[in-house]
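Asks: I'd like to ask some things about the structure below.
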Amino acid sequence: MESFFDWVHNNHAIIYIVILSIFLGIEVIGRVPSVLHTPLMSGANAIHGVVIIGAIIVMGRVDPDNYIALIIGFLAVILGTLNVVGGFMVTDRMLEMFKKKK
Amino acid sequence: MGLSLLSFIYLVGSVTFILGLKMLSHPDTARKGNLVAAAGMTLAIIGTIFLYEENGERLHNHLWIFGGLLIGSITGWIAAKKVKMTAMPEMVSLFNGMGGACAALISINEYGHLVGRDAAQGTLLTILLGLIIGSVSFAGSIIAWGKLNGRIKDFAFKGQQIGNIILLLLTLAAAAYLLFNLNNDNYWLFYIIFVAALVYGVMFVLPIGGADMPVVISLLNSFTGVAAACGGFLYNNQVMLTGGILVGAAGTLLTMLMCKAMNRSLTNVLIGSFGGSSAAAAGTKGEQGSYKEISLSDAAVCMSYANKVMIVPGYGLAVAQAQHVCHELEKLLEEKGVEVKYAIHPVAGRMPGHMNVLLAEADVSYDKLLEMEQANDEFKTSDVVLVLGANDVVNPAAKSDPASPIYGMPILEVEQAKTVIVNKRSMKPGYAGIENALFFQPKTSMLFGDAKAALQKLVAEIKNA
């Protein structure tokens, strides 16, 4: 039990971020009209593309002689970028359609 | 200086994600919200490349990083530009899968660094979680993508649910074992877990019906969010953490909202009661009586002399890409003094909001689209309702027949109008696999054919009339 409290104590900042983000994530989209469900899902899809940052960090730390790690990291960067760029662009294309017409 | 600037950039990035999501949930600000989040993301990416350092060491392999970014950007850009509006849902699924795969690959690479070293359990835990969640999300998204574009058929066998649960438990048990007993003799177990998670992702999505894919994609979307957050733990990186958790939470809520729009629970979708009960329901119903067909010219006359026509678009309109000719029909009728409106069911088509996106692409004005409640008020005063490839969302059984699998789902009450014309390719049932009593009502007439072809002919008829 004590080790659990220690763990909470040592990581309290991250635990706060996680808990508050959960509530924020639920609160922030709470009143979305059903018309926007698809674009919102697509937008959220692009945002979790933030995983690309992890891919960049992995890639940037790999030993230049370790080809397997280089290739895996390289793939990760490509896939992450696809998620980000594709995600935001598809969302934009969907939302472009919602322009108010005169 | 570098690191503190990077911290500030991450802070800005996190705020843009929150703002972006907030703005995305309102029609007026949605587009700007997407751009705000994209700007924050770009900033965070550039900041990471140039400012990130660990133990005083900057990142290297810049050539590889930029190469990857370039390839990914160009491919993503082309794919997103080229995709047809009807194929948007599967594109989202595909991109989601890429994110999941990215998270899994990060875990694999980080694990490679761990082997032979004394690793902290917390680090190993986040690596394992990122691997499992990312792989499930990747494999599941690819299956969802294949189902939406028709490449993969529904597939289920007896005992699959139990098999899936056993597979999941075994995977988790192996991960737990590895977490406490990692050594040089069992490090390969990690790769077995990787494969098992991929298989689970496939088996998890395979039995779920194509019509439920939006809900599944939304769920997998929140999975990928959590996988990204695992990376945030791993690198103690706040922007990954907030971005991932935000999407995880918002995605879960969105999944539940989507289920609610279809009046179903998430468990019901995942276990897939539609497949099982629908066969029985269709069997007991049997023949419903006869339906009548309407000729093109009759339909044309009927609509041209109406005061008010309501169009109910459905999946049939989307597959046939008939949104433009539908708009043409609307303009033509308006010129003749007919009031034309669209009744949009929240889950018509393949995704919530799908119809709005499609019709907007064809320049249909936003204020002509009525949401379900408004539409239901206006059917009473409509002379003609034209149902274009929609089926379950106009099935009166949802209101009247408690034995029906779709009982309780909110529907468009088109039978309140004076006349109903239904355009379908055949009398085949829709996704729920059940007969639709609407088609056999005296006020209903059927206009068979592909939505686009039928509408084109209808437009020609009305022009000549």
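Asks: Enumerate the calculated ³J(HN,Hα) couplings along the range B:194-205 in order (Karplus 6.51 cos²θ - 1.76 cosθ + 1.60, θ = phi - 60°), each rounded to whole Hz, writing x wherever the residue is Gly or Pro.
Replies: 4, 5, 4, 5, 4, 4, 4, x, 5, 5, 5, 8
Asks: Here's another thing I want to ask about it. Taking the Cβ of each residue in B:E335, B:E90, B:E371 as the centre, tally the other Cβ atoms inside 10 Å and list the residues starting with the fewest.
Replies: Ranked by crowding around the Cβ, least crowded first: B:E335, B:E371, B:E90.
Asks: Same structure, new question: How large is the translational diffusion coefficient of chain A in µm² per second when you combine the Kirkwood radius over alpha carbon pairs with Stokes-Einstein at 37 °C and 0.692 mPa s?
Replies: Details: Rh = 17.0 Å.
Taking Rh from Cα pairs, D becomes 194 µm²/s.
Asks: Using a 10 angstrom cutoff on alpha carbons, build the Gaussian network for chain A and name the most mobile of A:F23, A:F88, A:F74.
Replies: A:F23
Asks: Below 8 Å between Cα atoms, with a sequence gap of 6+, how large is the relative contact order for the range B:331-444 in percent?
Replies: This gives 24 percent for the range B:331-444.
Asks: Counting only residues 5 or more places away or on other chains, whose amide H sits under 5 Å from the amide H of B:V312 once H atoms are built in the peptide plane?
Replies: Result for B:V312 returns B:A343, B:L386, B:V387, B:L388.
Asks: Right, another one. In nm, to one decimal, how far is the modelled label at B:E293 from the one at B:I74, with both set 7 Å along Cα→Cβ?
Replies: Going from the B:E293 label point to the B:I74 one covers 5.3 nm.
Asks: Right, something else. Output the relative contact order of chain A, whole-number percent, from Cα pairs under 8 angstrom with separation of 6+ residues.
Replies: Across chain A, relative contact order equals 31 percent.
Asks: Ok, one more. With charges set only on the Cβ (+1 for Lys and Arg, -1 for Asp and Glu), what does the dipole of the range B:83-257 come to about its Cα centre, in debye to the nearest 20?
Replies: Dipole about the Cα centre, nearest 20: 380 debye.
Asks: Listing B:F204, B:F223 from the residue with the fewest other Cβ atoms within 10 Å to the one with the most, what is the order?
Replies: Fewest to most other Cβ atoms nearby, the residues stand as B:F204, B:F223.
Asks: What list of ³J(HN,Hα) couplings, whole Hz, do you get for the range A:81-95 from phi and the Karplus terms 6.51, -1.76, 1.60, once you set θ to phi - 60° and write x for glycine and proline?
Replies: Result, ordered by residue: 5, 4, 4, 5, 5, x, x, 5, 5, 4, 4, 4, 5, 5, 6 Hz.
Asks: Something else about it: Scale the Cα Rg of the protein assembly as shown by the rule-of-thumb value 2.2 N^0.38 Å and send over the ratio, two decimals.
Replies: 1.05
Asks: If you take the Cα atoms of the range B:285-464, find Rg, then find the Kirkwood Rh from the mean of 1/r over all pairs, what is Rg/Rh?
Replies: In the range B:285-464, Rg relative to Rh is 0.93.
Asks: Here is a further query. Among B:S404, B:L19, B:L6, pick out the residue whose Cα is farthest towards the positive end of the charge dipole of the protein assembly as shown, where Lys and Arg carry +1 and Asp and Glu carry -1 on C-beta, about the Cα centre.
Replies: The residue sitting farthest along the positive end of the dipole is B:S404.
Asks: Now for a separate question. I need the Kirkwood Rh of chain B: take the reciprocal of the average 1/r across all distinct C-alpha pairs and report it in angstrom.
Replies: Evaluated on chain B, it is 24.7 Å.
Asks: Further question: Tell me, B:Y407, B:Y200, B:Y235 in order of fewest to most beta-carbon neighbours within 10 Å?
Replies: Numbers: B:Y407 14, B:Y200 23, B:Y235 19.
By the 10 Å Cβ count, ascending: B:Y407, B:Y235, B:Y200.
Asks: Could you work out the helix-only [θ] at 222 nm for the protein assembly as shown, with each DSSP H run of four or more residues adding -39,500 (n - 2.57) and the total divided by the number of residues, to the nearest 500 deg cm²/dmol?
Replies: For the protein assembly as shown, the value works out to -21000 deg cm²/dmol.
Asks: So, one more: I'd like the FRET efficiency for B:N307 and B:D363, computed as 1/(1 + (r/R0)^6) with the beta carbon distance as r and R0 of 25 Å, rounded to 0.05.
Replies: With a Förster radius of 25 Å, E is 0.55.
Asks: Run the numbers on the range B:110-212 and let me know its relative contact order in percent, using alpha-carbon pairs under 8 Å that are six or more apart.
Replies: Rounded, it is 46 percent for the range B:110-212.
Asks: Where Rh is the Kirkwood radius over the Cα pairs of the range B:24-168, the temperature 20 °C and the viscosity 1.002 mPa s, what D in µm²/s does Stokes-Einstein return? Please report the intermediate quantities before stating the final value.
Replies: Numbers: Rh = 18.7 Å.
Using the Kirkwood radius from Cα pairs, D works out to 115 µm²/s.
Only the coordinates and a few stated rules stand behind these numbers; no lab work does. All figures in this text were calculated on a predicted structure; none of them were measured in a lab. No Cβ is skipped: glycine too gets one built from the backbone with ideal geometry, and neighbour counts run over all protein chains shown.
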